Amino acid sequence: MVKVREDQPINPDGSVNIPGWLNRLQDDVTLSNPERVESACELAQRLEQEAASNEENAWVASGASSFRTGLEMADILGELQMDEDTLIAAILYRAVRENQIKLEAIEEQFGATVSKLIHGVTEMAAISQTQMPDDGVVFGQSKSQLENLRKMLVTMIDDVRVALIKLAERTCAIREVKKAPRDKRLRVAREVFEIYAPLAHRLGIGYIKWELEDLSFRYLEEEQYKNIARLLSEKRLDRTEYIAKVIALLESKLQAEGIEPEVNGRAKHIYSIWRKMKRKNIDFSEVYDVRAVRILVPDVKDCYTALGIIHGLWHHIPHEFDDYIATPKENGYRSLHTAVVGPEGKVLEVQIRTHDMHEEAELGVCAHWLYKGTDTNQTSDSYEEKIAWLRQVLEWHEEVGDANGLREELRNDVAPDRIYIFTPDGHVVDLPHDATPVDFAYRVHTEVGHRCRGAKVNGRIVPLTYRLKTGDQVEILTSERTRPSRDWLNPALGYALTSRTRAKIQSWFKLQDRDQNIIEGRHLLEKEFKQLGLNDLDLKKLAKAVNYSAEDDMYAALGAGDLRIGQVLSVAQNLFGETDDEEQMEKFLTNRRYHQGGKGSDDVTIHGVGNLMTQIAKCCHPLPGDEIIGYITIGRGVSIHRQDCANAWQLREDDPNRIINVEWGAKTNHMYSVDIRIRSWDRPGLLRDITLVLANEKVNVLSSNTLTDKKENQANILITLEVESLQVLGRVLNRIEQLPNIIDVQRFSEKRTG
């Protein structure tokens, strides 16, 4: 049964009586500043009138009134006891969505909070624009796609009020859709049923969930809906008279026991009846809770007293009793349910709960919870954490009337670990937080990644290092002749975030010719060393230090992606860095040693077991910068493996108790000054872009000097930086080199004069 609400009060000329509506709203919610809400109503009404009078926007007048829809949304939110900002955002949301007013004007007149709430709801409109999965079955469709859409929706919500406004908006949408074409009815109904009804359920807002389910069911399964509605209608008069007699009898019996009850009949929702018939494979006549009464009592002990009275009056039907007070449902619902053979031998369902439990069941976490502050959901799943967070904010709102403090406190604690991205055809792809278009391309298909040459996000060309966020629609631009770039494997450049992406890129390079890999690897290393100003290195010694017998083997590994440039630099700075020579010390910046299988060295820190002998595993040869684990051997200390080592995976399976957490030793606290020289074609904003890179990398600038050659239109910039390691310097130089107009950037090796 769909919940019915009163129409809005109307003036004699047919317009909405705003003061009358506002007075009715205040029956549900207390407004500290009614004039502010009234001002929002008047603005929304005026905007709609202006839009309707504009010939270009004449279509507005023929559709549902955006102003009246806003009032209807506010009615729904008023029943949930939402604050004034939420009500105003609901009233004005449709005006913003239909481009009748800009968010900047809303913020200027009603404040940043209202503007932010409306912006949050408009971002969630991406869900409505996507294609719902449809495999020809209305219920039980593509589970993974639906779950991604649900998780995506929750990830977008950084304020629980945004979720409630969106639920109110979708409730109004499903009410209005009955006059729309059939394809639109089905699209809206499917979206509401699969996405928003489950969200209302997870938040425990029962009456909204029931309405969304019933109205969706009405359009998705028209014949089934009509059949059940007809059966209910045919029995409505008899059921009403029967329920009235049962209510009178129960009230007298409970009052005789000193309990002051509130007893009423409860209509079973049509979708709930259909679902029970399907789940239990029964006919309509076997649905026992078509005739139902609900008893509200003051205390929990009265619930069980009332249960005893009912079972004393009528015969209890076996297996039809549920104690949700002792064992609440997942969404917090609490009540006693029993089915009995009542008067005239007719089956009757009885629900017994306290008034507080009833508020919880109807309004979910918006109501006054008895279990204040006892949400102990410790699951690591970010979706579940976000749901728990939304519930906690709503609970706080009900307790103190303002959830802002808790909302800010909790927001950083529930950072999503996944983002949800749209493909051009509306499918949802989940990726790790801060993933890039390159990660997205390889997630779609390996060949799409290999042939990626660019990306569009929400219709705009973006760099391949762009950080994606939930709700983005990404289109990968490909070319048949394009191939992966080795730059994508350089962590400092930020192209590929996920190990899955890097593995696919490395696999591609492994398949290439060894001679070509040697050429590419030598070029990569020479370019990096030149940029860093490193000359006259013993490359044979360096190759052996990274576990390759010859220089060409090291180059081939670099070219194939098996060895990262950062690993080589890390070994180089430790291998050659131990010297008292000031120039060499400056060259390598740090003086840490790299111990190959050293005992008790400071390069490996072992958690929780003290200072044990360590050795580097020969199967995978981990290098500083690799993610590593330790395995406790018998008599040989702790063996250090890369985390992705096949032997390490087998050891995890065979003897997990001997696996321990280890990490490379802490970074040096010493800082070293380094000169770098940048040559660039001159342009406005060049220095700003360079300093922004340095600021983002948290690098201190000791001095800067710029000389511009107007004739050649070139800028030569000398900057003195303070860095802690060779890797940091390499990352900074690579970042600067990616800027527009840069010719080259490298370490400045000439001696400065005093």
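The values are calculated or read from the model by the stated rules, or taken from the named source; none is laboratory data. Every value quoted in this text rests on a predicted model; they were computed, and no experiment measured them. Please note: Cβ atoms are built from the backbone with ideal geometry, for glycine as well, and neighbour counts cover all protein chains shown.
Some observations on this one:
- Subset of segment 168-205 [among the small types (Gly, Ala, Ser) and buried (at least 18 other Cβ atoms within 10 Å of the Cβ)]: 168, 173, 189, 197, 200, 204
- Residue match in segment 456-478 (condition: within 30 Å of the chain's Cα centre (by Cα) and acidic (Asp, Glu)): yes
A quick yes/no check of all residues on (1) touching a helix residue (DSSP H, G or I) at 6+ places or on another chain (Cβ under 7 Å); (2) aliphatic (A, V, I, L, M); (3) modelled with pLDDT under 80:
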site: 5; (1), (2), (3): yes, no, yes
site: 16; (1), (2), (3): yes, yes, no
site: 23; (1), (2), (3): no, no, no
site: 27; (1), (2), (3): no, no, no
site: 32; (1), (2), (3): yes, no, no
site: 35; (1), (2), (3): no, no, no
site: 39; (1), (2), (3): no, no, no
site: 49; (1), (2), (3): no, no, no
site: 56; (1), (2), (3): no, no, yes
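- Strands (runs of 3 or more DSSP E) fully within segment 631-740 counting 1 or more residues that are hydroxyl-bearing (Ser, Thr, Tyr): 638-642, 672-681, 700-709, 714-723
- Qualifying residue in segment 426-440 (condition: at pLDDT 85 or above and more than 25 Å from residue 563 (Cβ to Cβ)): yes
- Residue ID - surrounded by the most Cβ atoms within 10 Å (Cβ to Cβ), chosen from residues in segment 454-486 that are of a type in the set (Val, Ile, Thr) and farther than 24 Å from residue 124 by Cβ: 476
- Qualifying residue in segment 271-287 (condition: among the aliphatic types (A, V, I, L, M), more than 42 Å from the chain's Cα centre (by Cα) and either modelled with pLDDT under 75 or part of a loop (DSSP other than H, G, I, E, B) (or both)): no
- Flag for residue 310 being in a helix (DSSP H, G or I), β-branched (Val, Ile, Thr) and either modelled with pLDDT under 90 or in contact with a strand residue (DSSP E or B) (Cβ under 7 Å, 6 or more places away or on another chain) (or both): yes
- Lone qualifier among 189, 168, 200 - being aliphatic (A, V, I, L, M), touching a Phe, Trp or Tyr at 6+ places or on another chain (Cβ under 6 Å), within 30 Å of residue 83 (Cα to Cα) and touching a residue at least 24 places away in the same chain (Cβ under 8 Å): 189
- Residues in segment 433-443 that are buried (at least 17 other Cβ atoms within 10 Å of the Cβ) and not aromatic (Phe, Trp, Tyr): 435, 436, 437, 438, 439, 441, 443.
- Some residue of segment 324-336 being modelled with pLDDT of 70 or more, of a type outside the set (A, V, I, L, M) and under 26 Å from residue 242 (Cα atoms): yes
- Members of segment 58-69 found to be modelled with pLDDT of 50 or more and touching a Ser or Thr at 6+ places or on another chain (Cβ under 9 Å), listed by number: none
- Segment 640-652 residues that are assigned by TED's automatic domain parsing to the domain that holds residue 627, paired with ones that are among the basic types (Lys, Arg) and assigned to a helix (DSSP H, G or I) (beta carbon under 9 Å, 6 or more apart): 651/658
- Residues in segment 313-338 that are over 24 Å from residue 272 (Cα atoms) and outside any helix (DSSP H, G or I): 2 in all.
- With a requirement of 1 or more residues that are acidic (Asp, Glu), the helices (runs of 4 or more DSSP H) lying completely within segment 156-223 that satisfy it span 160-176, 182-191, 206-220.
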